[in-house]
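Taking it in order: structure first as structure tokens, then the write-up.
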Ligand SMILES: C[S@@+](CC[C@H](N)C(=O)[O-])C[C@H]1O[C@@H](n2cnc3c(N)ncnc32)[C@H](O)[C@@H]1O
């Protein structure tokens, strides 16, 4: 008899893939980055394949789905908080993924030091923190200087995916991103994940918050030197991020574990449950 499939749910939405038997598990935690970059991707993955990175990946939901859907691509997710990566690595391991790694590191350092020029096919950044306290503005990730680095690591024709539920951040971002990328707004959820690609997006959609999504293709007509010059003319991210979405922040900050309260339908366990895939 076929064993029941073990599917996990997060806020009622299945986490991509299923938990395999322990002998099929892999190790997706990249516990020790070299002291100095860049990363040797061929020795890390044991092959040469196009690379997808997710900056501030949280519990890794998007990358896990992408690694399952696109086995011909390699994936690296990074987050500054080691704790959230525990959920990402556990799920990645249990799904037997060999084309996925997670590392705890600051995104600016990772992009600046560990990734070489034109080495990445897609950069993803979902819900970078807007930092509502004016004293924390300096911590905002998406600055002109950072986008110069994103531009540098992308291959020709490479894509930068970004989204946020903070409208002032979006307004700032679209202004600066359209200088470096042919940028278009995505209306509505991404077709591959109507309930949301990431944990934060799932909570936001379920609560009816506006979510801004976009994708930019690296502009082919700009040299790296010109991009750096243009960055010097752009403003720093010193906008007023407005009021916090406190309930969303609370649910999101609970990490990537199977969540407690569900936004709309309450009372069901979200632990891995034996269930057959339809
Ligand atoms: C709002 S959460 C979004 C997580 C996930 N992308 C999602 O959409 O569910 C923002 C994430 O960015 C991470 N983060 C914040 N600043 C960072 C930085 N400088 N480098 C890497 N990760 C960062 C946080 O630890 C957090 O996990």
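The values are calculated or read from the model by the stated rules, or taken from the named source; none is laboratory data. Every value quoted in this text rests on a predicted model; they were computed, and no experiment measured them. FYI the Cβ positions are ideal-geometry reconstructions off the backbone, even for glycines, and counts take in every protein chain you see.
Could you please find all residues in segment 132-148 being more than 19 Å from residue 109 (Cα to Cα) and either within 10 Å of the ligand (Cβ to nearest atom) or part of a helix (DSSP H, G or I) (or both)? Show your work before the answer.
Here is the first cut: in segment 132-148, the ones more than 19 Å from residue 109 (Cα to Cα) are 132-135.
Answer for segment 132-148, where residues must be more than 19 Å from residue 109 (Cα to Cα) and either within 10 Å of the ligand (Cβ to nearest atom) or part of a helix (DSSP H, G or I) (or both): 134, 135.
Taking segment 32-77, which residues are over 14 Å from residue 109 (Cα atoms), over 16 Å from the mean Cα position of the chain (by Cα) and touching a residue at least 60 places away in the same chain (Cβ under 8 Å)?
The answer is 41, 50.
Restricting attention to segment 39-94, which residues are in contact with a helix residue (DSSP H, G or I) (Cβ under 8 Å, 6 or more places away or on another chain), within 22 Å of residue 193 (Cβ to Cβ), more than 9 Å from the ligand (Cβ to nearest atom) and in a loop (DSSP other than H, G, I, E, B)?
Within segment 39-94, just 73 meets the criteria.
Of everything in segment 229-247, what is loosely packed, with under 15 Cβ neighbours inside 10 Å and in contact with a helix residue (DSSP H, G or I) (Cβ under 9 Å, 6 or more places away or on another chain)? Give them in sequence order.
Across segment 229-247, the qualifying residues are 232, 233, 235, 236, 238, 240, 242, 247.
State yes or no: is residue 230 within 24 Å of residue 120 (Cα to Cα) and in a helix (DSSP H, G or I)?
When the stated conditions are applied, residue 230 passes them.
Quick check: anything in segment 124-131 over 22 Å from residue 212 (Cβ atoms) and modelled with pLDDT of 95 or more?
Among the residues of segment 124-131, not one is over 22 Å from residue 212 (Cβ atoms) and modelled with pLDDT of 95 or more, which makes the answer no.
Do you know which of the residues in segment 177-197 that are under 21 Å from residue 237 (Cβ atoms) and surrounded by 14 or more Cβ atoms within 10 Å (Cβ to Cβ) is nearest to the ligand (Cβ to nearest atom)?
Filtering segment 177-197 for residues that are under 21 Å from residue 237 (Cβ atoms) and surrounded by 14 or more Cβ atoms within 10 Å (Cβ to Cβ), the one nearest to the ligand (Cβ to nearest atom) comes out as 177.
Which of the residues belonging to segment 156-187 are part of a helix (DSSP H, G or I) and more than 20 Å from residue 137 (Cβ to Cβ)? Steps first, please.
Filtering segment 156-187 down to residues part of a helix (DSSP H, G or I) leaves 167-180.
Selection gives 178, 179, 180.
When you go through (1) in a loop (DSSP other than H, G, I, E, B); (2) surrounded by fewer than 16 Cβ atoms within 10 Å (Cβ to Cβ) one by one for residue 19, which number turns out not to apply?
Residue 19 satisfies every listed condition except (2).
Which numbered condition trips up residue 164, out of (1) buried (at least 21 other Cβ atoms within 10 Å of the Cβ); (2) on the phi > 0 side of the Ramachandran plot; (3) without any contact (Cβ under 8 Å) to a residue 60 or more places away in the chain?
For residue 164, the exception is condition (2).
Can you tell me which residues in segment 98-131 are without any contact (Cβ under 8 Å) to a residue 40 or more places away in the chain and in a strand (DSSP E or B)?
Passing the criteria: only 104.
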